[in-house]
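Below is one structure, written out as structure tokens; comments come after it.
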Amino acid sequence: MMQTTRNLQTVLIANRGEIALRIMRACRNMGLKTVVVCSQADRDAAYVKSADQSVCIGPAAASKSYLNQDAILLAARLTGADAIHPGYGFLSERAGFSAATEDAGLIFIGPDATSIATMGDKIAAKSAMVAAGVPCVPGPDCELPGEVDQIRQIASKIGYPVIIKAAGGGGGRGMRVVPDEASLIEAVALTREEARKAFGSPALYMEKFLQHPRHIEIQVLCDIHGNAVWLGHRDCSMQRRHQKVVEEAPAPGISSSLIAPVGAACVQACRQIGYRGVGTFEFLFEDGAFYFIEMNTRLQVEHPVTEMTSGVDIVCQQIGIARGDVLPMAQDAIVCEGHSMECRINAEDPLTFMPSAGVITALELPSGPGVRVDTHIEVGYKVSPYYDSLIAKLIVHGPDRREAMARMRRALAGFEVEGVATTIPLLRDLFQDEAFADGETDIHYLETWLKNRSAA
Ligand code: ADP
């Protein structure tokens, strides 16, 4: 069936910082005009001025600006924008915002409200994945009953340790690990109460707790014509408090014969649920097996490592899909080459991780073969205490992992920021670590490494 593409000339960017600039660059490549919304705290930033138009939509507090749906929709109407790109964080995974954007006659550059809502409910997401043949963590894809004996039965069938998770949970919250039956019922009651308070729903589910997994994810692109592809895999095991610190593509040591069926199942799941846009399937990987944990229905911070290996501009594709374009590539045309790594550079103390606000007084950005820096900062930029502390992403690409790491070491050595504390010194140390250099470290590795470092 031929579907006409929708008129798209101007994109409103409902986000800030590096990702706002990244989206602006994609729009410019595609010959589209840009409007960026900003808060009073961001109004003087250079990236705001580099958009074709900017609209200040409210005070610094995100709840009054970047999360203010009405103000953003009004800004779109006043500037004649045809589409809204939500970036990541803020409104990007709010089903209601996708619906409100489309109801206002605008294009939402992301999935429809139904897909966002399904994937935002972890039980619904898991059961959609089970139905599509995506491998999931052992445990029923339905809500935990209230009856104590039934709960005990489910846990002993799964086998301890188990993890109790809130269906509406997110951001690493609403989860509790249970080592044995003695603490089970109390843990369920506590998590239920937390879930009710934090997520407005007491619905819980239970699954096997994996003890030494890696975090591996698969990037997908799906158009509205039923075409879907996956762009290889990433490893984001290097985490602190469930926050990714370093990401890489491909995941080291994963053979293509092991990952190919998982990629194919992800694509199949997208077709089955009628998914549109870019998305990421997150898996835990342990002892040679993959276990789905969640799907992110948005562009991710770490998308550049996949761009570097696949050669696909994910943001341009995302915009094209929203306009109704047919995906220009078939699965067999996707060839991932070399190895890419990304370091998240945060304005934080490298020892205590306390956020560091202030004005950048000097800045030297690395460059040279295989080096990409995605950042909105420059000398004079004021790092605001109101938002996430990510100030730059340093991305490298090389023919293999060894060379990518060598490039990262060189690039980190040449990255100088003055005026605020950054995590660069920490990353420099981490890239000297031998076990990390060998690859295949699990999701607990960084926290253990940090503990040993502070003990030393
Ligand atoms: P959120 O939406 O809050 O990020 P996820 O389901 O993605 O929640 O889980 C966040 C993190 O919690 C995972 O990256 C992993 O570290 C841990 N986790 C989640 N489920 C399990 C599990 N079954 N076994 C072990 N760890 C888990």
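Things worth noting here:
- Pairs from the list K208/K244; K64/K382; K122/K157; K165/K197; K157/K208; K64/K122 with a Cα-Cα gap above 18 Å: K208/K244; K64/K382; K122/K157; K64/K122.
- Shape of the stretch 29-149, Cα gyration tensor, a/c cut at 1.5: prolate
- For the stretch 33-87: rounded, prolate or oblate by the Cα gyration tensor [a/c cutoff 1.5]: oblate
- The chain, relative contact order [Cα under 8 Å, separation at least 6], %: 14 percent
- Taken one residue at a time, the phi angles of the stretch 362-368 give Karplus couplings (6.51, -1.76, 1.60, θ = phi - 60°) of 8, 8, 10, 9, x, 8, x Hz. Gly and Pro are set to x.
- Anisotropy class of the chain from Cα gyration tensor, a/c 1.5 cut: rounded
- Cut-off under 5 Å, modelled amide H: who pairs with I391 long-range: I345, N346, A347
- Less than 5 angstrom separates the built amide H of G232 from those of Q219, all sequence-distant by 5 or more or on a different chain.
- Overall, the chain carries a charge dipole of about 820 debye about its Cα centre when +1 sits on the Cβ of Lys and Arg and -1 on the Cβ of Asp and Glu, all other atoms neutral.
- Around A362: net Lys/Arg minus Asp/Glu count, Cβ-Cβ under 11 Å: -4
- Here the Karplus relation 6.51 cos²θ - 1.76 cosθ + 1.60, evaluated at θ = phi - 60°, turns the backbone of the stretch 419-436 into coupling constants of x, 9, 6, 9, 7, 4, x, 4, 5, 4, 5, 4, 6, 9, 6, 6, 5, 4 Hz, with x for every Gly and Pro.
- Local net charge near G17, Cβ-Cβ under 11 Å (Lys/Arg +1, Asp/Glu -1): -1
- Site pair A333 and Q40 shows an inter-label distance of 5.0 nm when each label is modelled 7 Å from Cα along Cα→Cβ.
- Using the Cβ of D287 as centre and a radius below 14 Å, the other residues enclosed give a net charge of -1, where K and R count +1 and D and E count -1.
- Taking other Cβ atoms within 10 Å as a rough exposure proxy, R25, R298 sort from fewest to most as R25, R298.
- Backbone amide hydrogens, once placed in the peptide plane, bring V36 within less than 5 Å of I13, Q53, S54, V55, excluding anything fewer than 5 places away on its chain.
The numbers here are math on the coordinates, done by the rules we state, and not lab data. All values reported here derive from a predicted model rather than from experimental measurement. Cβ coordinates were reconstructed from backbone atoms using ideal geometry, including for glycine residues, and neighbour counts include every protein chain displayed.
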